[in-house]
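Please treat every number below as a calculation from the coordinates, not as lab data. Because the structure is predicted, anything quoted here is derived from the model rather than measured. Heads up, the Cβs are rebuilt from the backbone with ideal geometry, glycines too, and the neighbour counts pull from every protein chain shown.
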Amino acid sequence: MISRENAEHYTWGEGCDGWHLSKSQALSVIHERVPFGSSEVRHFHNKAEQFFFVLSGIATLEVESDIYQLQRFQGFQVKAGLAHTLTNQNKEDLELLVISTPPSHGDRVNVE
């Protein structure tokens, strides 16, 4: 059994947390917490597809210049090669699952 309490933890960005719920060669499932005002750098993945699923809060997801507001229990799939960024513009913490296949670590190209 895996949970946030016993999963491998890491921090990223400006006070963001990630917990590896599944970490294999074929699949990555990460529970992330993104505080108000935090975001990731705009990027894309050469191989990995990702599915973002909001557990609480509101995610602002920009994909190839289109903006999506994901509410609680809503998700969005980002195909490999599409530039995207996720931000929390809401006052409460954003918690979400980021599911990647294959895993996205080491497959990230920043776009600035």
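Dipole of region 7-82 computed with +1 at Lys/Arg Cβ and -1 at Asp/Glu Cβ about the Cα centre; of Trp12, Pro35, Gly75, farthest Cα towards the positive end is Gly75.
Computed over neighbours whose Cβ is under 9 Å from that of Thr87, the net charge equals -2, Lys and Arg +1, Asp and Glu -1.
Please sort by residue number the trypsin sites (Lys or Arg not before Pro) in region 47-109 whose DSSP state is loop and whose Cβ has at most 16 other Cβ atoms within 10 Å. Before the final figure, lay out each step's value.
On the way: sites: Lys47, Arg72, Lys79, Lys91, Arg108; in loops: Lys47, Arg72, Lys79, Lys91.
Listed in order of number, the matching sites are Lys47, Arg72, Lys79, Lys91.
Please say if region 9-52 is rounded, prolate or oblate, where rounded means a/c under 1.5 for a ≥ b ≥ c the square roots of the C-alpha gyration tensor eigenvalues, and otherwise the choice is prolate for a/b larger than b/c and oblate otherwise? It is oblate, given that a/c is not under 1.5 and a/b is not larger than b/c.
Annotation: amide H-H contacts under 5 Å for Ala83 (H modelled 1.01 Å from N, sequence separation of 5 or more, or interchain): Glu64. A simple spin-label model places the labels of His105 and Ala26 1.9 nm from each other, with each point 7 Å out along Cα-to-Cβ. Rg/Rh for the chain stands at 0.93; both radii use Cα atoms, and Rh follows the Kirkwood definition. The charge dipole of the chain, taken about the Cα centre with unit charges on the Cβ atoms of Lys, Arg (+1) and Asp, Glu (-1), comes to about 220 debye, rounded to the nearest 20.
Quick check of the Kirkwood formula: for region 52-112, what is the inverse mean of 1/r over all pairs of different Cα atoms, in Å?
Values: mean 1/r = 0.0815 Å⁻¹.
When all Cα pairs of region 52-112 are included, the Kirkwood radius is 12.3 Å.
Return the loop-located chymotrypsin sites (Phe, Trp or Tyr not before Pro) in region 30-93 (DSSP other than H, G, I, E, B) with at most 16 other Cβ atoms within 10 Å of their own Cβ; answer none if there are none. Don't skip to the answer; put the middle values down first.
On the way: sites: Phe36, Phe44, Phe51, Phe52, Phe53, Tyr68, Phe73, Phe76; in loops: Phe36, Phe73.
Of the chymotrypsin sites (Phe, Trp or Tyr not before Pro), the ones in loops of region 30-93 whose Cβ has at most 16 other Cβ atoms within 10 Å are Phe36, Phe73.
Karplus-based coupling profile of region 44-49, in residue order and whole Hz: 9, 10, 5, 10, 6, 9, with θ = phi - 60° in 6.51 cos²θ - 1.76 cosθ + 1.60 and x standing for Gly or Pro.
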